[in-house]
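Student: Please read through the structure below; I'll follow up with questions.
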Amino acid sequence: MPSPVLFALALSVVLLLVVVGGLVLAGVAYVAYRHPRLEKPLSLAAAVATVLVAAVAAVAALAVLAAR
């Protein structure tokens, strides 16, 4: 039986990663919009979002494995 405390901690970490990821994504899109020479804003934001989704998926997978 998985520990409810461990499950709550893992859920909190995933939620924190989603919130921080949204802030980072918005910041990258803003910087790319203000400085168009860096990269097209949508493609840069999509690349950052892909990395953040991979990080959240990895943490979620670890939480599921720890709950077993």
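Student: To the nearest 500 deg cm²/dmol, what mean residue ellipticity at 222 nm is calculated for the chain from DSSP H runs of n ≥ 4 alone, each contributing -39,500 (n - 2.57), summed and divided by the residues? Each step should come with its number before you reach the end.
Tutor: On the way: 2 runs with 58 residues, N = 68.
Here the helix-only value at 222 nm equals -30500 deg cm²/dmol.
Student: Still on this structure, I have one more. For the pair HIS35 and PHE7, how long in nm is the line joining their label points, each one 7 Å along Cα→Cβ?
Tutor: A separation of 4.5 nm, rounded to one decimal place.
Student: Shifting gears a bit: Please state the Cα pair-distance histogram of the chain with 5 angstrom bins from zero: what percent is in each bin?
Tutor: The distribution over the chain is 3, 18, 22, 16, 13, 10, 8, 6, 4, 1, 0, given as percents.
Student: Additional query: What whole-number value in Å² describes the accessible area per residue of the chain for a 1.4 Å probe?
Tutor: Working: 5280 Å² over 68 residues.
With the other protein chains kept in place, the chain gives 78 Å² per residue.
The values are calculated or read from the model by the stated rules, or taken from the named source; none is laboratory data. Please read these numbers as outputs of a predicted model, since none were measured by experiment. Backbone-built Cβ (ideal geometry, glycine too); neighbour counts: all protein chains shown. The protein model used for the area step is the full one, side chains on, heavy atoms only, and it has no ligands, DNA or RNA in it. Shrake-Rupley method; radii C 1.70, N 1.55, O 1.52, S 1.80 Å.
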